[in-house]
Amino acid sequence: MDARLRALCELSLAEAREMAGLHEYDGRVQDLSPDGVRAGLSGLGGGAGAAPLEDPHDEAHLAAFEEHARVYYGELELHRRDPRVHLNNLELAFYDKAYAPAEERAEARARHLAQWPEVVDMAVASLDQVSAPVADALLGAARGQRAAVRPEDGEAGERALAAVERLVAHLERAAEHGDPSSALGAPALARLIGSGDAVEVDLGRLAEQADAERDRLTAMLTDACRAYDPSRRPSEIVPELLADHPDADGVLAEARAQTAEVIAFSREKRLAPYLDGVCEVGPAPESMRWAMAMMSWNAPYEDEAPSWYFVTPPDPSWPADEQEEWLTIFSATTLPAVTVHEVAPGHFAHGRALRRAATPVRRVLQSSAFAEGWAHYIEEVCIEEGFREHDPRFRIGVALEALVRVTRLASAIGLHTGAMDVEESTRRFMADAHLARAGAASEARRGTFDANYGCYTWGKLALLDLREEARTAWGDGFSLERFHTALLDLGSPPLGLVRTAVERG
């Protein structure tokens, strides 16, 4: 591997291991101590005299990720205020994925678990700027690490649990005594979200785009609800539709049927260049059941194996109202949109393309704004191409999911520029995205620590704009198949570099 790419992987071990499938990092943890971060930053760029990559696009892609690492760890020092990077350093759920023989994975997991006390030492030493809202929002995730330790882990497990308690105590102190504001500030937010995507971000313009997109999606929802029942308003129709879902025993069967349906539709319409491989459907491993639905793809550097669309029914031990709220995501209105996003032509299809990406840079360095933007963009493409065209519930589901995501973008900007507090963000999710207060409050709290959770909408809008550029540039030669192939040939590029698809496509 190129030395510059290797240096980036050393600063993002979890992503390299889990998203790219670089299993040489199994059983290792990242050095997130103050000294370790400084050493990692010093290794970026390959040193004096390092030659640029031969392909100018790949060079710009690599340079963007180097710049983002310098911004995250150096300029903004977010490892001092963001517990998530340290929690990711503890994460063991990945070893439940069947990417290798069970014995190999168990051995790597044991080595990783044995290093938890060291990980927590590094976290406590680094996390000296955690704000009270962020600590409060992530305490549940920190406490949840206890569940990853198994009885058979023995003494190593006991030491790991003791380490978790030290991390929890550290965050509890921050929740009580930390800065009451979690805002990064406008300049820091713009640098954070723009650096890795090679874009100079104008937050005012981005906020205007979010408002305009909210208005467009609200009109889309209204029109789709009118087609479903012209006698009632969306506020009356939506709760009824979300309550129409299979019971816990029927969720997996419905997801399997929809997976076959969206793959067949995507193949028929030629919406993604590669739809080979196997996509299995099942409940997530126990350690990953915090997610209602997610794609665990066969990563670029893994041997050929099934990808997994994890669809997790609620725990039967939960209170009835919590089970009911969880099941709404699997309604006949929302699950089809989720399946398009997660499977095809969304993340599963994208994962198959990543395995064919021409260079290591394109396979390893994956922009979340592109990846989530692609999967979100393709939902509306399916509407345009006639997926379930006689059932307005699909359009309603796409609109509802999109309204949550555009509200995330508006909230991230508001929360981190100081224009909005958590209560105002909560009310906006209730008003604009049709969420009940509990769900809206959870989304607002997420915005305090996940400043880039608006990337779904940002990425989607960038791809919609690029599609129009391609139509103009290619004229009669434009087709969705050509456009999507040119895009995914770039892997998962920074948003600022997607025009290469038009130039080379």
What list do you get for 460, 269, 97 if you sort them by fewest beta carbons within 10 Å?
269, 97, 460
Could you tell me which label, among [x] 63, 55, 53; [y] 80, 62, 41; [z] 61, 57, 49, carries the value of Cα extents along the principal axes in Å calculated for this structure?
[z]
Using the beta-carbon distance between residue 159 and residue 179 and R0 = 30 Å, what value does 1/(1 + (r/R0)^6) give for FRET efficiency, to the nearest 0.05?
0.40
Length gained, residue 442-residue 303, 0.36 nm per residue minus C-alpha separation, equals 46.3 nm
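Which whole-number percent is the relative contact order of the chain (Cα, under 8 Å, 6+ apart)?
Once normalised by length, the contact order is 17 percent.
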How much length is gained if the chain between residue 103 and residue 6 is pulled fully straight, taking 0.36 nm per residue apart and subtracting their Cα-Cα distance, in nm to one decimal?
32.2 nm
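Average the reciprocal distances over every distinct pair of alpha-carbons in the stretch 366-495, invert the result, and give the Kirkwood radius in Å.
Working: mean 1/r = 0.0628 Å⁻¹.
Final number for the Kirkwood radius of the stretch 366-495 is 15.9 Å.
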Reduced to Cα centres, the span from the stretch 404-446 to the stretch 209-252 in Å works out to 19 Å
MRE, 222 nm, helices only [DSSP H, n ≥ 4, -39500 (n - 2.57), over the chain, to nearest 500]:
-18500 deg cm²/dmol
Cα convex hull of the stretch 203-403, projected area averaged across orientations, nm²
13.0 nm²
Note on the stretch 203-403: contact order normalised by length, alpha-carbon pairs under 8 Å, 6 or more apart, percent, works out to 28 percent
Please report the relative contact order for the stretch 292-378, taking Cα pairs under 8 Å with a sequence separation of at least 6, and give it as a percent rounded to a whole number.
31 percent
Got a sec? Charge dipole of the chain, +1 on Cβ for Lys and Arg, -1 for Asp and Glu; which of 100, 234, 132 is way out at the positive end?
234
If you stretched the chain out fully between residue 391 and residue 260, how much longer would it get, using 0.36 nm times the residue separation minus the C-alpha to C-alpha distance?
45.3 nm
Size of the dipole of the chain about the Cα centre, Lys and Arg at +1 and Asp and Glu at -1 on the beta carbon, nothing else charged, in debye to 20?
520 debye
Quick check: Cα centre of the stretch 78-147 to Cα centre of the stretch 306-349, how many Å?
25 Å
Rank 37, 277, 21 by how far each Cα sits towards the positive end of the charge dipole of the chain (+1 on Lys, Arg Cβ; -1 on Asp, Glu Cβ) and give me just the farthest.
37
Using 1/(1 + (r/R0)^6) with R0 = 41 angstrom and r between the beta carbons of residue 211 and residue 77, what's the FRET efficiency to the nearest 0.05?
0.80
Return the FRET efficiency for the residue pair residue 315, residue 476: r is the Cβ-Cβ distance, R0 is 41 Å, and the value is rounded to the nearest 0.05.
0.15
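None of the figures in this text is laboratory data; all of them are computed from the coordinates on show. Just so it is clear, the model here is predicted, and its values are computed rather than measured. Note that we place each Cβ from the backbone using ideal geometry, even for glycine, and neighbour counts take in every protein chain shown.
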